[in-house]
Amino acid sequence: QVQLVESGGGLVQPGGSLRLSCAASGIIFSINVMGWFRQAPGKQRELVARITSGGATAYGDSVKGRFTISRDNAKKTWYLQMNSLRPEDTAVYYCNGVVFADTYWGRGTQVTVSS
């Protein structure tokens, strides 16, 4: 019943921008923490960004200054604005949300940065 669905991925040139969205459904409580992770082939999953319902943010070192996370609590939707994209940003991006002790994950969306 609980679903998280990512959207906005695709192919973009180096230096370009993309905006990812994560829409949650089937959750009646506020989402305490909303996040974005990514995983490239052969590499470990890494934290990209996360935001609390109150608006506190945290970013992975590799994306600080380039990516911005935001959220709409009423819509139970959160976003990842990605600017100055680099080829090494290429990965499957997953959103997740924490509601009390439960964590939910989306299926992921592919982001490819290439000329």
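The values are calculated or read from the model by the stated rules, or taken from the named source; none is laboratory data. Computed from a predicted model, the values in this text were never measured in an experiment. As a convention, Cβ positions derive from the backbone with ideal geometry for all residues, glycine included, and neighbour counts pool all protein chains shown. The area values use the complete protein model at the heavy-atom level, side chains included, leaving out ligands, DNA and RNA. Shrake-Rupley method; radii C 1.70, N 1.55, O 1.52, S 1.80 Å.
Every residue, every condition in (1) touching a strand residue (DSSP E or B) at 6+ places or on another chain (Cβ under 8 Å); (2) open to solvent by 60 Å² or more (accessible area, probe 1.4 Å); (3) closer than 13 Å to W105 by Cα, yes or no:
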residue	(1), (2), (3)
Q13	yes, yes, no
S25	yes, no, yes
F29	yes, yes, no
G42	no, yes, no
E46	yes, yes, no
I69	yes, no, no
Handout entry: Whichever residue in the range 71-87 is in contact (Cβ under 8 Å) with a residue 12 or more places away in the chain, surrounded by fewer than 17 Cβ atoms within 10 Å (Cβ to Cβ) and charged (D, E, K, R) and, among such residues, is nearest to A24 (Cα to Cα)
Key = K75
Handout entry: the range 88-108 - residue that is of a type in the set (S, T, Y) and buried (at least 20 other Cβ atoms within 10 Å of the Cβ) and, of those, nearest to L18 (Cα to Cα)
Key = Y93
Exercise for the section: Kindly indicate whether any position in the range 43-50 is aliphatic (A, V, I, L, M) and in contact with a Cys (Cβ under 8 Å, 6 or more places away or on another chain). Expected result: no
Problem - Subset of the range 57-79 that is of a type in the set (G, A, S) and assigned to a loop (DSSP other than H, G, I, E, B) - its residue that is farthest from G15 (Cα to Cα) - result: A74
